[in-house]
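Taking it in order: structure first as structure tokens, then the write-up.
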Amino acid sequence: MPGFVLLLHDTSWHKGDLAPAEMQAIIARYGAWAHGLAERGMLRAGHKLTDDGGRHVRRDGERVTATDGPYAEAREVVGGLFVLEAADMAEAEAVARTCPHMDLGWIEVRAIEPT
Amino acid sequence: MSVGDVAGLVEGLFRREAGRLTGALARRLGPGGLDLAEDCVQFAMVQALRLWPFDGVPEEPAAWLGRVARNRALDEVKRGGRDATAVPVEALAETLATPDAAPDPRFAGEIADDRLSLIFACCHPALARPSRVALTLKTVCGFGVREIARAFLSTEPTVAQRLVRAKRTLAEAEVGFEIPAPADLPARLGSVLEVVYLIFAEGHGATEGPDLVRPDLCAEAIGLVTLLLSNPVTATAEGHALAALMCLHAARLPARTDSVGEILTLEHQDRALWDRRLIARGFRHLEASASGDRLTPYHLQAAIAAAHAAAPDFERTDWEAVTGHYDALAAIDPSPVVMLNAAVAHAMLAGPAAGLARLAEAAEGLERHHLRHSVEGDLRLRAGDRAGAAGCFARALELAGSEPERRFLRGRIAAVQA
């Protein structure tokens, strides 16, 4: 089955507007969502990325430079990702639509080039 | 732990832990530390929200949250970003480093005290009553600003402002987080019981808006009084009386609205739907409240509720006892609801004319109260005065605050005119 990547872009929700019960509800929904995917054999992996912006490494002519990436709070960076198996983009998109991350930001769905 | 594993996430965990951890941190940070305590707890929960969906819920979620919150507090204090704490950094580091005591029953008393201390601070007399209620709901009960605004028909910015001002007032007054000294305890306890009662009353019969009943608010109120009663220092006969009245009233909630959400008065409730366990609990509290020499309004309200709970139906209620209690209550707490209920009770004991007479006596100050006209309408109807009844219901409809109540009154008007 083809692979797809869900890149979770965070918007600035982490200033803490959510009430404790709301946060717990989102976590519980994540559990149900991921559990459902795992049962259908669709979930390959899920990873949270660290909040620092990482490093950006570039070649500029002869030189290679590396700079700090933007800190997570500064703009909408990718906070985490899921790797899925799905029949096609339509199915991957359908999965993304139901992901609880939709309450917290937006999702970029990318297909992995088949080998 | 893996993606999707949320087995450890029991109902209400975050909300409960929010209160518990805020209390624990505030107590260690000292006067002025409430803001920082809340922020650290919020930080921990946001971290959980960002990590647990990927890592799964840890085996001891409460301990995880506590650790993250405490470390955050330590970092913030060391950074010097908040100088609103009275305790020096080194001492703070030591107290904050104590491992979380959540699962160990030996520390149960300590944990309860953390929450109790927080309740007393939030109900401090320096704060306006609505602020005490909002602050208690937010910091002790873990409600969100949106939920509080909805419950008390305010707006989010108003509630948020109220909370900011309340915390500032507490900081400026250097209110500490401890159970008050014996000399101050009675007055401070009175304030706490009052806040608990206000929360319950709002949940039991939301005065305005689309919901008549908010069982979650009632449950919170009962939880708070239970906490008070769990500590011998703060457990009083009056507290038991309040617990009794809340349990007995809450027991009737399942029967209070019918299948389409319309109000059913006590007279028409299906008593088979009453929660028998809550009633039993209410009676236990009532027994425990029968000590000391103070007869408080809570005692009398509890006695009235007990009379209703013990009666197989409305007609066979011990109306003589009920009217006696209402008369005593009216003498010390002549609030509109008490006067109205007293009139109804007298009508049940001695006929509608007796009820109307009581109502006329108490008319002062009740003119703009919709229930007064609704009750008078019922009594007039019972006395055979249909025209008078219709007029009363119409007046009540003009004044009614909640949608269920308006629907109820329209129904009454239609029935009278039929």
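General remarks:
Results for (1) surrounded by fewer than 20 Cβ atoms within 10 Å (Cβ to Cβ); (2) without any contact (Cβ under 8 Å) to a residue 12 or more places away in the chain; (3) not polar (S, T, N, Q), shown as yes or no for each residue.
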| position | (1), (2), (3) |
| --- | --- |
| B:Glu376 | no, no, yes |
| B:Arg380 | no, no, yes |
| B:Ala396 | no, no, yes |
| B:Gly401 | yes, no, yes |
| B:Arg406 | yes, yes, yes |
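- Number of positions in region B:150-174 that are buried (at least 19 other Cβ atoms within 10 Å of the Cβ) and modelled with pLDDT of 90 or more: 6
- Matching residues, region B:51-64, being under 21 Å from A:Gly80 (Cα atoms) and either of a type in the set (A, V, I, L, M) or surrounded by fewer than 20 Cβ atoms within 10 Å (Cβ to Cβ) (or both): B:Leu51, B:Asp55, B:Val57, B:Pro58
- A:Ala19 on the phi < 0 side of the Ramachandran plot and more than 8 Å from chain B (Cβ to nearest Cβ): no
- Only a single criterion out of (1) modelled with pLDDT of 85 or more; (2) surrounded by fewer than 22 Cβ atoms within 10 Å (Cβ to Cβ) is not satisfied by B:Asp100, namely (1).
- The set of residues in region B:147-201 being under 30 Å from B:Leu253 (Cα atoms), among the β-branched types (Val, Ile, Thr) and either out of contact with any helix residue (DSSP H, G or I) (no Cβ under 8 Å at 6 or more places or on another chain) or within 14 Å of chain A (Cβ to nearest Cβ) (or both) consists of B:Ile148, B:Val159.
- Looking at A:Ala92, A:Ala87, A:Ala19, A:Ala25, just one residue is small (Gly, Ala, Ser) and exposed (fewer than 15 other Cβ atoms within 10 Å of the Cβ), and that residue is A:Ala87.
- B:Glu398 part of a loop (DSSP other than H, G, I, E, B) and more than 27 Å from the chain's Cα centre (by Cα): no
- Residue in region B:232-239 that is at pLDDT below 90, within 24 Å of B:Cys123 (Cβ to Cβ) and not in a helix (DSSP H, G or I) present: no
- Scanning region B:131-146 for residues that are away from chain A (no Cβ under 13 Å) and without any contact (Cβ under 8 Å) to a residue 60 or more places away in the chain turns up B:Ser131, B:Ala134, B:Leu135.
- Candidates A:His35, A:His47, filtered to the one that is surrounded by fewer than 20 Cβ atoms within 10 Å (Cβ to Cβ), facing chain B (nearest Cβ under 7 Å) and assigned to a helix (DSSP H, G or I): A:His35
The values are calculated or read from the model by the stated rules, or taken from the named source; none is laboratory data. What you see is a predicted model, and the numbers here were worked out from it, not measured in a lab. Cβ: placed from backbone, ideal geometry, glycine included. Neighbour counts: every protein chain shown.
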